[in-house]
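Taking it in order: structure first as structure tokens, then the write-up.
The values are calculated or read from the model by the stated rules, or taken from the named source; none is laboratory data. The structure displayed is predicted, hence computed values, not measured ones. Cβ: placed from backbone, ideal geometry, glycine included. Neighbour counts: every protein chain shown. Please note that ligands, DNA and RNA were not included when accessible areas were found on the heavy atoms of the full protein model with its side chains. Shrake-Rupley method; radii C 1.70, N 1.55, O 1.52, S 1.80 Å.
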Amino acid sequence: MAEKQTKTTALTLPSVLAFSRKLEVSDALMASGLWTDIDKHDQWQPISLHEKRNRATKSQYGAKDEEKSEPNLSWGDDATLPHDADTLRVKFTLKILGQLEEPTACNTPEFEEQVKQLVKAYRSEHQFKELATRYANNIANGRFLWRNRIGAESVSIKVKHGKQSWLFNAYDYSLNQFSLSPDDSNHPFAQLVAVIQNGLQGDGFEYLEITAFAKMGFGQHVWPSQEMVMNPPKDKKTKFLFQLGGCAAMHSEKIGNALRTIDTWYNEDTNARAIAIEPYGSVTSRGEAHRIAKNDFYTLFHKWLKDGEIPVEQQHYVIATLIRGGGFGGNE
């Protein structure tokens, strides 16, 4: 058991405090092929975007009577599998970095030293195993596919680490409950957890190549990331999908959000739906912030530094927020 963190009264948050991301994700490229050709690399073709212009109806609440009979013209990007392909391939890379206790920037050396001691104590006691297990779950279950996972007949996840490679049936790993790492160190999932642990604990990094195959059906829709368009001109194209070099793609930020969707500690309900690690537990798609009742990152971080302890579950959350990275400085 690690020694209890020494109490300190130096709680003033530095005006400059930042941590770099420790899960560094690439953008993901999307390709099409046949489920029977998963192992044939030369059989997969990049998915290109195409435009669609549709005439729909106006169905928004509060539409004026004179608008209700008018057409709603839609112009934007779309993406589908070709009619001779039944499977989507999504491929990206992940780098797991160490040296978490080293802030990217901190203008208060005493505070930085306190953070170093806190992270070292956490490493000694927990070895990042709980966090590594949850990150591994979100790789194995294909959460990063987002809408592309829904309605897929089969989803297979291939993970490559150096000369090693592992294959996971995504439906063996729940989106709502996190599987424990098997005691058998030769189990593929246990090996993946160990690699992530090693990356977070070490001074260097670990590198993974992750490829997901989702059997969607011939000609079915696929969902790349959508670009944000601010104040689009009237009667112009309003929906833009993300692409790289003409290939449909998913933003690294969207992939990263899925990987860090491990926070079930915001709620005492043991069956709480996992949300992404965020300082205030924000879920913008639902207009919710789950960590605003003295269980936000800043409150817990200060308490841990001051008292030397907080509940173990909240220790995992605070460390995961530092792994997420970002600027945390401020004036009190």
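Debye sum, Cα scatterers, the stretch 192-332, no solvent: what log₁₀ I/I(0) at q = 0.21 1/Å? For the requested q values the scattering log ratios are -1.37.
Provide the net charge surrounding residue 267, with neighbours chosen by a C-beta distance below 15 Å and charges set as Lys +1, Arg +1, Asp -1, Glu -1. Residues near residue 267 contribute -3 overall.
Taking a ≥ b ≥ c as the square roots of the Cα gyration tensor eigenvalues, the stretch 3-147 comes out oblate, since a/c reaches at least 1.5 and a/b does not exceed b/c. Between the stretch 26-65 and the stretch 84-127, what is the separation of their alpha carbon centroids in Å? Each part reduced to its Cα centre gives a spacing of 33 Å. Among rounded, prolate and oblate, which fits the stretch 95-190 when a ≥ b ≥ c are the square roots of the eigenvalues of its C-alpha gyration tensor, a/c under 1.5 means rounded, and a/b larger than b/c means prolate? Here the stretch 95-190 falls in the prolate category.
For the chain, modelled as a GNM whose springs connect Cα atoms under 10 angstrom apart, the maximal fluctuation among 157, 262, 292 occurs at 292. When the chain is treated as a GNM with alpha-carbon contacts under 10 Å, the residue of 170, 132, 121 showing the greatest mean-square fluctuation is 121.
Over the chain, with a Gaussian network built from C-alpha contacts below 10 Å, which listed residue (211, 264, 36) shows the highest mean-square fluctuation? Most flexible of the set in this elastic network: 36. Between residue 244 and residue 72, the simple label model (points 7 Å from Cα in the Cβ direction) yields a spacing of 3.4 nm. Once all protein chains are placed together, residue 312 keeps about 60 Å² accessible to a 1.4 angstrom probe.
Extension gain for residue 179-residue 48 works out to 43.6 nm (0.36 nm per residue, less the C-alpha to C-alpha distance).
The mean sequence separation of alpha-carbon pairs under 8 Å and at least six residues apart, normalised by the residue count of the chain, gives a relative contact order of 29 percent.
Hey, what did the stretch 189-251 get for relative contact order, percent, Cα under 8 Å, at least 6 apart? Before the final figure, lay out each step's value.
On the way: 37 pairs, mean separation 13.4, N = 63.
Relative contact order here is 21 percent.
Mean separation of Cα pairs under 8 Å and 6 or more residues apart, divided by the residue count, gives the stretch 236-332 a relative contact order of 18 percent.
For the pair residue 18 and residue 59, the difference between a 0.36 nm per residue extended length and the Cα-Cα distance amounts to 10.2 nm. Return the label of the correct value of volume of the Cα convex hull per residue in Å³, as calculated from the structure shown, out of (i) 180; (ii) 122; (iii) 157. The calculated read-out lines up with (i). Taken along the Cα-to-beta-carbon direction at a fixed 7 Å, the label points for residue 267 and residue 205 span 3.5 nm. Per-residue 3J(HN,Hα) values for the stretch 182-188, derived from phi via the Karplus relation 6.51 cos²θ - 1.76 cosθ + 1.60 with θ = phi - 60°, read x, 5, 6, 5, 8, 5, x Hz in sequence order (x marks Gly and Pro).
A 1.4 Å probe run over the chain, with the rest of the protein chains in place, finds 53 Å² accessible per residue.
Using the Cα centre of the chain as the reference point, and only Cβ charges (+1 on K/R, -1 on D/E), how large is the resulting charge dipole? Debye, rounded to the nearest 20.
Values: 39 positive and 42 negative charges, 120 e Å.
I would put it at about 580 debye.
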